[in-house]
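A.B. asks: Here's a structure for you.
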Amino acid sequence: MKLASLKVGRDGRLVVVSRDLTRAVEAVGVAPTLQAALDDWTHAAPRRADLAHQLEINSVPSFRFHEHDCASPLPRAYQWIDSSAYPSHLEIGRKARNIPTPASFFDEPPARQGGSDAFIGPRDPMRFADEKYGIDFEAEIAIITGDVPVGIGQVAARDCIKLILLANDVSLRNLQPAEREKGLGAFQSKPPCAFSPVVVTPDELGAAWDGAKLSLPVLSTVNGRAFGRPDAGRDMAFDLPRLVAHAARTRPLGAGTIIGAGVVSNRGEDGGFGRPVGEGGLGFSCISEQRSAEMLRYGEPRTPFLKFGDVVRIEMKDAKGHSIFGAIEHRVERLGGE
């Protein structure tokens, strides 16, 4: 099943979307919003499934689905937790700064709590006051949970994964060093992030989903040029149920919690760091990682961060080349439009 939230009110209006992302039907008879659906997930499952089936066989009135009409699937969420499931992303950044990578990074996933009260719409512009902030995108996969009890095990955590989606966890790189020095983590350097127009239930992913990992490339472009295509299932040290269990180690998670797996990052064929798409590699899922690779290879970064007018696109396609979640696409604009 594929679901989306149209831009209606503060929490959106829930619709069921056809598998080919061309048509939709309002789900008001099942739940008015995605959060309401998550709160009553099991009880309403038969009605959701029936509505999705009717949409596919054209037995229910539907309307044309446009990704530009979508808000974030959860326009505001109870909780947004970003993890880092791909050690190569952390390693290359630390090596470029000549900082050793602690062994603990490989024992359990790093995680941080992000802002969840105001996400960017999947096709809305990203607006900032200054290009000098070091504007960067981060292409990720993420999941939305149902209610998760504290102390849940990794096996049981699989059943808590209700929906899967893509994320752009926006970063302002030039603001990060000062925040690191203060020791309380990222705040101003992590503005609102964005998610794909459509969320899907795990059964929609077929063989690409094994219950723990989604093994398909995450495709990123900047101004229409390929930037990254690493596989989300490859080089993932901590799978998605592990991320859920880790987040719930000392606290319960409420239905509607979003957990990101971090920047998707693949190692090179030689086991070292990856290479840009232009050099025959799989590229990178953020500019910072490509700059780190350039720093290690050339002694200096060569790829600039995003400028006003740049357009970033993040998408995932199935084996037949069809978009699964729709596309996150942002134009970078000056705050206030001046």
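The values are calculated or read from the model by the stated rules, or taken from the named source; none is laboratory data. Keep in mind the model is a prediction, meaning the values are calculated, not measured. Note that each Cβ is placed from the backbone with ideal geometry, even for glycine, and that neighbours are counted across all protein chains shown. For the accessible areas, the whole protein counts, side chains as well, though only heavy atoms, and no ligand, DNA or RNA atoms are used. Shrake-Rupley method; radii C 1.70, N 1.55, O 1.52, S 1.80 Å.
A.B. asks: Checking the table 132/213; 2/132; 190/320; 7/307; 132/317; 213/320 against a 31 Å threshold on Cα-Cα, which pairs fail?
C.D. replies: Those over the limit are 132/213; 2/132; 190/320; 132/317.
A.B. asks: Using the Karplus equation 6.51 cos²θ - 1.76 cosθ + 1.60 (θ = phi - 60°), what ³J(HN,Hα) coupling, rounded to whole Hz, does each residue of the range 70-77 give in order, writing x for Gly and Pro?
C.D. replies: 8, 8, 4, x, 10, x, 9, 10
A.B. asks: Here's something else I'd like to know. Might you work out the accessible area of residue 39 for me, using a 1.4 Å probe with all protein chains in place, and round it to the nearest 10 Å²?
C.D. replies: The accessible area comes out at roughly 100 Å².
A.B. asks: In the range 50-154, which trypsin sites (Lys or Arg not before Pro) are in a loop and have at most 14 other Cβ atoms within 10 Å, using DSSP for the loop call?
C.D. replies: Answer by residue number: 97.
A.B. asks: For the chain, modelled as a GNM with alpha-carbon contacts under 10 angstrom, which of 72, 59, 288 fluctuates the most?
C.D. replies: Ranking 72, 59, 288 by mean-square fluctuation puts 59 first.
A.B. asks: Quick one: if the Förster radius is 51 Å, what FRET efficiency do residue 58 and residue 113 give, using the C-beta to C-beta distance and rounding to 0.05?
C.D. replies: Values: r = 43 Å, r/R0 = 0.85.
Given R0 = 51 Å and the Cβ-Cβ separation, E is 0.75.
A.B. asks: I would also like to ask the following. Can you tell me the accessible area per residue over the chain, all protein chains present, probe 1.4 angstrom, in square angstrom?
C.D. replies: 45
A.B. asks: Do the sum for the chain: with -39,500 (n - 2.57) for every DSSP H run of n ≥ 4, divided by all residues, what is the mean residue ellipticity at 222 nm, to the nearest 500 deg cm²/dmol?
C.D. replies: Values: 7 runs with 59 residues, N = 338.
Helix-only estimate at 222 nm: -5000 deg cm²/dmol.
A.B. asks: I would also like to ask the following. In Å and from the alpha-carbon atoms only, list the Rg and Dmax of the chain.
C.D. replies: 19.3, 61
A.B. asks: Something else about it: Only loop residues by DSSP count here, and only those with at most 12 other Cβ atoms within 10 Å; note down the GluC sites (Glu not before Pro) in the range 235-337 that meet that.
C.D. replies: Qualifying residues, ordered by number: 269.
A.B. asks: At what distance in nm do the modelled label points of residue 19 and residue 250 sit from each other, each positioned 7 Å from its Cα along Cα→Cβ?
C.D. replies: A separation of 4.5 nm, rounded to one decimal place.
A.B. asks: Does the range 71-128 classify as rounded, prolate or oblate by the C-alpha gyration tensor (a ≥ b ≥ c root eigenvalues; a/c under 1.5 gives rounded; else a/b over b/c gives prolate, otherwise oblate)?
C.D. replies: Numbers: a/c = 3.43, a/b = 1.97, b/c = 1.74.
Prolate is the answer for the range 71-128, as a/c is 1.5 or above and a/b outweighs b/c.
A.B. asks: Then there is this: Over the chain, what is the mean sequence separation of C-alpha contacts under 8 Å (at least six apart), divided by residue count, expressed as relative contact order in percent?
C.D. replies: So the answer I get is 23 percent.
A.B. asks: Take each of the peptides 319-328, 236-245, average the number of other beta-carbon atoms within 10 Å over its residues, and list them starting from the highest.
C.D. replies: Descending packing order for the listed peptides: 236-245, 319-328.
A.B. asks: Quick check: from the Cα gyration tensor, does the range 129-254 come out rounded (a/c under 1.5), prolate or oblate?
C.D. replies: The shape class here is oblate.
A.B. asks: Using a Gaussian network model of the chain with C-alpha springs under 10 Å, which one of 316, 126, 295 is most mobile by mean-square fluctuation?
C.D. replies: 295
A.B. asks: I would also like to ask the following. Going by the alpha-carbon gyration tensor, a ≥ b ≥ c the square roots of its eigenvalues, is the range 1-66 rounded (a/c under 1.5) or, if a/c is not under 1.5, prolate (a/b greater than b/c) versus oblate?
C.D. replies: oblate
A.B. asks: Still on this structure, I have one more. How much of the accessible area of the range 160-230, probe 1.4 Å, is carbon plus sulfur, in whole percent? Let's see the in-between values first.
C.D. replies: On the way: 1610 of 2990 Å².
Roughly 54 percent of what the probe reaches on the range 160-230 is carbon or sulfur.
A.B. asks: Now for a different question. Select from 134, 146, 271 the residue whose mean-square fluctuation is largest in a Gaussian network model of the chain (Cα-Cα springs shorter than 10 Å).
C.D. replies: Its mean-square fluctuation being the largest, the pick is 271.
A.B. asks: State, as an integer percentage, the relative contact order of the range 164-302 based on alpha-carbon contacts under 8 Å between residues 6 or more apart.
C.D. replies: Dividing the mean separation by the residue count of the range 164-302 yields 17 percent.
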